[in-house]
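What follows is a single structure, written as structure tokens, with notes after it.
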Amino acid sequence: MKKLTSCAVALLAVSVFLSCNNKKSDEVTLVMAEVNPATTIAGQMDQAFKEKVEELSGGKMKIDLQCAGILGDVDAVMDLMLKPNSTIQIHRMSAVNLATYGCEKNSLLSIPFTFANKEHFWQFVKSPLAQEILDEPMKKGLSVKGLFFGEEGFRHFFSTKKIVEVSDFEGLKLRTTNDEVMKGVAAGLKTQMVSVGFADLYSAFQTGVVDAAEQPIANYLANHFNEVAPYMILDGHTLGVMEAVITVEAWNALTKDQQRILIEAGAYASEFCRKLSQDEEDRVRAQLEKEGATITDVTNVVPWQAACADVIKNAAAVDPALYQNILNLVK
């Protein structure tokens, strides 16, 4: 039903700024897609971006934010945005998803155990290295460009049975993102990788199609995965790096001042996300434990790093110098 309604919703919100003569307009509406619910860190960051855009523009620029996958899953949204005259202009996605479209530098951000902590990541966001990665999609010839970064916490595994150590993963049917890094992680853990759309993940647990998956802890609760997979292990294999992208067509149709507003609002949304993320994780953990979820802490990451050694080495090879520069940012 979501896919049937997506075009209708988006078409109603698209402004004449993408008209055939491509004239720049003082008033525009940009449709923004978000796969997660509005209550998640991602959804709240998007809302902060929306409000700041509308504030800075005096209401002349509007962001029609559609959350909870109403406009389709990540692949469906990207397929639309990569075509001319897209009815969706902005998309909040995981940086790792861009790697599946040939953006190799983006894949560096999802290499296991890259970021020592969240402050390490925010040092990266403030550095010139961040802009280099935001610019990658357009430089690769994709019809989207990066706007700003966020993070939704470290990603952890959750499952239908309790996992305590690396060996417990062997043979499990693991749903993960369809990129080379996570495929490598799945292989290193000796799991059976299963391809399931995010919107179908809850039911996939119910039917036994998958035994385990991975998400930031806040998304785990917001999507009620604890109801069908009540065990989570806090391994923190990767940080959930988020990236907002806009179609080049929409970007070029904006005035310089409108472009500046999007960049300024993006910086505001990033800072909003930074402050929100840790508070949300602490709150969510307490809520999950109250609801009966079993949460296991990882005190020794060395066996996990060893299991991921091959994928870390191979993934970093796409740009060793850039990857080392990211590692060097840790304080």
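Details
- Qualifying residue in region 288-297 (condition: part of a loop (DSSP other than H, G, I, E, B) and on the phi < 0 side of the Ramachandran plot): yes
- Positions within region 236-279 being open to solvent by 10 Å² or more (accessible area, probe 1.4 Å), of a type in the set (G, A, S) and farther than 15 Å from V125 by Cα, in sequence order: G236
- Residue within region 236-247 that is in a helix (DSSP H, G or I) and polar (S, T, N, Q) present: no
- Test result for V144, touching a residue at least 60 places away in the same chain (Cβ under 8 Å), more than 23 Å from C67 (Cβ to Cβ) and open to solvent by less than 10 Å² (accessible area, probe 1.4 Å): no
- Scanning region 44-59 for residues that are open to solvent by 50 Å² or more (accessible area, probe 1.4 Å) and closer than 15 Å to C273 by Cβ yields a total of 3.
- Residue satisfying condition, being buried (at least 18 other Cβ atoms within 10 Å of the Cβ) and farther than 22 Å from W122 by Cβ, within set K161, K173: K173
- Residues located in region 60-80, provided they are part of a loop (DSSP other than H, G, I, E, B), among the aliphatic types (A, V, I, L, M) and surrounded by fewer than 22 Cβ atoms within 10 Å (Cβ to Cβ): A68, I70
- The single residue among T87, T114 that is closer than 20 Å to L234 by Cα, outside any helix (DSSP H, G or I) and polar (S, T, N, Q) turns out to be T114.
- Residues within region 189-235 that are closer than 27 Å to V302 by Cβ, open to solvent by 30 Å² or more (accessible area, probe 1.4 Å) and not in a loop (DSSP other than H, G, I, E, B), tallied: 4
- Checked against the criteria, E151 does not count as open to solvent by 10 Å² or more (accessible area, probe 1.4 Å), charged (D, E, K, R) and under 25 Å from I217 (Cα atoms).
- Among the residues examined, N314 does not qualify as open to solvent by less than 20 Å² (accessible area, probe 1.4 Å), of a type outside the set (A, V, I, L, M, F, W, C) and part of a helix (DSSP H, G or I).
- Output for region 81-139, where each listed residue is open to solvent by 50 Å² or more (accessible area, probe 1.4 Å), among the charged types (D, E, K, R) and closer than 23 Å to L65 by Cβ: K83
The values are calculated or read from the model by the stated rules, or taken from the named source; none is laboratory data. All figures in this text were calculated on a predicted structure; none of them were measured in a lab. Using ideal geometry, Cβ is built from the backbone for each residue, glycine included, and neighbour counts are taken over all protein chains shown. Note: accessible area is taken over every heavy atom of the protein model, side chains too, but ligands, DNA and RNA are not part of it. Shrake-Rupley method; radii C 1.70, N 1.55, O 1.52, S 1.80 Å.
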